[in-house]
Amino acid sequence: MRKTIIAGNWKMNKTCSETKEFFTKLLPLVKGLDRNVIVGVPFTSLQTAVDMTKGSIIKIAAENMNPKESGAYTGEVSPLMLTDLGVEYVILGHSERRAYYHETDAFINEKVKSALKHGLKPILCIGEKLEEREKGITKDVVKEQIVEGLKGLSSDEMLNVVIAYEPIWAIGTGKTATPEMAQEVHKFIRNLLESLYSKEVANEVTIQYGGSMKPSNVVDLLAQEDIDGGLIGGASLDPESFIELIKAGK
Ligand code: PEP
């Protein structure tokens with residue numbers, strides 16, 4: 001059975017001291033819970049987050065990564081640097097990176113392959129812009145991002161990938177896709193994975209929803225057959241709202 005995973009994406013938020021404060025509040029709240037939880041934190045908070053969450057249900061993700069192991073890439077962070085810290089997941093292809101840093105599907109695919117080669121599990125983000133939804137080309141956009149982003153991956157590698165479907169118009173806007181709208185795209189993605197890999201692989205892959213997920217809408221979204229958790233920005237910054245989402249993610 002595939003896992004339901006609740007993952008936070010802090011983006012460029014929280015200093016190291018704020019990271020300590022956050023986990024000091026969250027850790028007692030998750031004690032004894034049987035859930036799959038990931039928190040994506042800025043590079044500067046990774047070591048603190050990994051150290052503080054050791055032995056708990058919380059796994060830590062980086063929010064980006066350069067595909068190369070080392071070299072003259074000023075300001076970049078490599079997969080070796082992440083695994084050396086004990087990081088297990090890496091968020092790749094987030095729409096903010098695609099939009100502001102011009103990341104292409106080909107470059108994201110390089111990162112996905114490099115992450116897997118180094119034992120990191122990628123959370124591959126995909127999703128359409130508002131104008132693409134309005135033009136009726138959501139499925140074409142999502143298909144291209146999946147086909148290109150996963151190019152060259154074996155079935156075994158695919159089992160270590162998490163997909164996050166994030167309609168861009170719903171990220172940070174307070175607008176959520178209705179559960180039915182999200183389910184339609186999630187089902188499409190699962191069918192696509194079946195045609196690219198197999199029914200078994202498609203049934204095992206976790207497909208998260210992302211886009212203004214919060215305590216008030218999480219239950220209805222997770223009730224959909226193909227929605228296996230969430231990638232959450234705003235509501236993951238506060239331990240009190242994040243724990244509501246974690247608890248909903250059974
Ligand atoms: C995100 O950062 O991926 C996200 C979905 O943000 P928010 O939950 O704030 O819409």
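Each Cα pair under 8 Å and six or more residues apart adds its sequence gap; the mean of these over the residue count of the chain is a relative contact order of 23 percent. Ranked from largest, the principal axis spans of the Cα set of the chain equal 45, 45, 34 Å.
Amide H contacts under 5 Å for ILE60: VAL39, GLU88, TYR89, restricted to partners 5 or more places along the chain or on a different chain, H placed in the peptide plane at 1.01 Å from N. Think of the chain as a dipole: +1 on every Lys or Arg Cβ, -1 on every Asp or Glu Cβ, centred on the Cα centre; then among VAL185, ILE171, GLY234, GLY234 lies furthest on the positive end.
Using Cα pairs under 8 angstrom and six or more residues apart, how large is the relative contact order of the range 139-228, in percent? Before the final figure, lay out the partial values.
Values: 98 pairs, mean separation 34.4, N = 90.
Normalised by residue count, the contact order of the range 139-228 is 38 percent.
So what is the accessible area of the range 5-248 per residue, in Å², with the probe set to 1.4 Å? Can you show the working numbers first?
Details: 10930 Å² over 244 residues.
Counting only protein heavy atoms, the per-residue value for the range 5-248 is 45 Å².
Pop out the carbon and sulfur fraction of the accessible area of the chain as a percent, whole number, probe 1.4 Å.
Details: 5920 of 11470 Å².
In the chain, the share of accessible area belonging to carbon and sulfur is 52 percent.
For the range 65-139, chymotrypsin sites (Phe, Trp or Tyr not before Pro) are listed when DSSP marks them as loop and at most 11 other Cβ atoms sit within 10 Å of their Cβ; the list is TYR73, TYR101. Here the convex hull built on the C-alpha positions of the range 127-209 has a volume of 88 cubic angstrom per residue. Note on LYS68: lysines with a C-alpha under 28 Å away, same-chain residues under 8 apart excluded, are LYS11, LYS14, LYS54, LYS59, LYS111, LYS113, LYS117, LYS121, LYS143, LYS151. With contacts taken as Cα pairs under 8 Å at a separation of at least 6 residues, the range 82-190 carries a relative contact order of 29 percent. A helix-only calculation puts the chain at -12500 deg cm²/dmol for mean residue ellipticity at 222 nm, using -39500 (n - 2.57) for each DSSP H run of at least four residues, averaged over all residues. Here's how it looks for ALA164: its modeled amide H is under 5 Å from those of LEU124, CYS125, ILE126, GLN208, which are all 5 or more places away or on a different chain.
The values are calculated or read from the model by the stated rules, or taken from the named source; none is laboratory data. Note that the structure is predicted; figures quoted are calculated from it, not measured. Cβ sites come from the backbone with ideal geometry, for glycine too, and all protein chains shown count toward neighbours. Keep in mind that these areas ignore ligands, DNA and RNA; they rest on the heavy atoms of the full protein, side chains included. Shrake-Rupley method; radii C 1.70, N 1.55, O 1.52, S 1.80 Å.
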